[in-house]
Amino acid sequence: MESSVLLLDSYDEAANQLRTSFRLAGYKGPMITMMDDGFLPRDVTSIYQYYLGVSQGKARYFNQIDHPKLWEIRGNNSYGEVYDKTHLRGRIVYAKPLEKRLVSAVEWLDEKGIHRYSDYYNSKGRLYSRGTMDAKGQAILRSWFDSSGREVITENYRTGDILLDFKGRLTSYKSRVDFAVDMLKDAGYLDRQIYYNSLSTPFFVAEKLGSRSREKRAQDLLFWQEGVREDIPGNMKGILAGSSPSTSTVIVMNEGSYEKLLSLGADHRHLKLGGYVHGFTRENSYGRKALICTNSDQLEGIEELITGLPQIHFHIVAVTEMSKTLMDKEKYSNVTLYPGAKPKIIEELFQECDYYFDINYQNVIVNALERAFLANQLILGFEKTIHGRVYISKDQIKKNPEEMIREVEKTMENKEYLEECLIRQRKAGGDLTPAAFRELMK
């Protein structure tokens, strides 16, 4: 495991699950992404960040961006905007979680409202990259700057070329794949085994390295994280046929995807069913508290649930102030509201409650679903409101409040049934022990 590298395409929720699993399984090797949003974890770098050096500071709050003095900044919990009087001149993109209002990028608009360039800020508040668009708002170029503000990398999105100015030497690359291969070579990782999670750039990097030094390295592994699809991806067919110069096995992280690939005729000799190491923070205590985290008052079926489940105490959390509509719910004796809740209170509620109701229509806040899953809360939601199926069993997705009420009552009456539901939920999340995860890599 240690003589290997984990290559991630971009750092999204799926990549974070994989990173967490690797670390909990004891992997201490490097983790590298092909793209960079400036807010990577400390133990993850990117093929760009590798050349930019370390910066110090704190992420910028939405009203701390660089802008003309007389222009006005406005913001809510989802995005920010920059105005020249009544004229919109910029859109502020937040890093996740959105409610913290930390700036990831600013999209600047011309007089016609067309997106002409973007400023990218990292978790240290530094302007580390800038993108340029054409008159139609399509990306042309992107540049990356080191901690002194010097332009180090330029990528031409139309040609795919990348120019690197590093240690007094200019190097031109024909593609991101070539750039990534040279970065791995510079870091001393050229002959290491590659674990990767995408049939995009990471796949082509592994293929290129495999064709160069197949005898020197163990075979690479693809951790396939996509959902169910109706075909076998073209780039995967070579792996399944045993003709890849680099990859011997596809570890399918989704059970439905695994079964679908087999039904499409995929060779089972090159497939393994995978899963994730989650690191649960508590056991379900079979209590009667439910948690809801929301940034709006649009909660599906909330009145019916409150009145239909008087034995459940509803803890409703927001990180901002609440509307009158939501504040009125405190008239019920089984409801406690937490407007402008502080992180400590929110964490205590994740550890105290045994149910999580995913019934809000707006964005997920405070990473609620993952935290509820790790706290062994039984997650229930509606088809209209669920924010992702990674952490919820399909059996707990209900059509209406009446169905949800009956299900909650059943779990309260029968602890064994509640435990069965939690087992299905953990299975839906692909839960594995650290030892089982390490076994996948053999």
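Things worth noting here:
- Subset of region 403-442 (residues that are open to solvent by 60 Å² or more (accessible area, probe 1.4 Å), touching a helix residue (DSSP H, G or I) at 6+ places or on another chain (Cβ under 7 Å) and part of a loop (DSSP other than H, G, I, E, B)): none
- Going through (1) open to solvent by 10 Å² or more (accessible area, probe 1.4 Å); (2) touching an Asp or Glu at 6+ places or on another chain (Cβ under 7 Å) one by one, Ile359 falls short only on (1).
- Entry remark, region 102-112: residues being touching a residue at least 12 places away in the same chain (Cβ under 8 Å), open to solvent by less than 40 Å² (accessible area, probe 1.4 Å) and not polar (S, T, N, Q) number 5 in total.
- Any chance Ser21 is within 29 Å of Pro343 (Cα to Cα) and open to solvent by 30 Å² or more (accessible area, probe 1.4 Å): no
- Scanning region 89-96 turns up at least one residue that is within 22 Å of Glu321 (Cβ to Cβ) and in contact (Cβ under 8 Å) with a residue 40 or more places away in the chain.
- In region 307-318, the residues that are within 24 Å of Glu347 (Cβ to Cβ) and open to solvent by less than 40 Å² (accessible area, probe 1.4 Å): Ile312, Phe314, His315, Ile316, Val317, Ala318
- Which numbered condition Cys353 fails, given (1) open to solvent by less than 10 Å² (accessible area, probe 1.4 Å); (2) at pLDDT below 95: (2)
- Note on region 27-40: residues that are open to solvent by 30 Å² or more (accessible area, probe 1.4 Å) and of a type outside the set (A, V, I, L, M) amount to 3.
- Residues within region 56-88 that are in contact (Cβ under 8 Å) with a residue 24 or more places away in the chain, in contact with a Phe, Trp or Tyr (Cβ under 8 Å, 6 or more places away or on another chain) and hydroxyl-bearing (Ser, Thr, Tyr), tallied: 1
- Filter result for the condition that a residue is among the basic types (Lys, Arg), at pLDDT 95 or above and more than 19 Å from Ser55 (Cβ to Cβ), over Arg116, Arg142, Arg130, Arg126: Arg116
The values are calculated or read from the model by the stated rules, or taken from the named source; none is laboratory data. Everything quoted here is computed from the prediction, not taken from an experiment. Note that we place each Cβ from the backbone using ideal geometry, even for glycine, and neighbour counts take in every protein chain shown. Heads up: the accessible areas ignore ligands, DNA and RNA and are worked out on the full protein's heavy atoms, side chains in. Shrake-Rupley method; radii C 1.70, N 1.55, O 1.52, S 1.80 Å.
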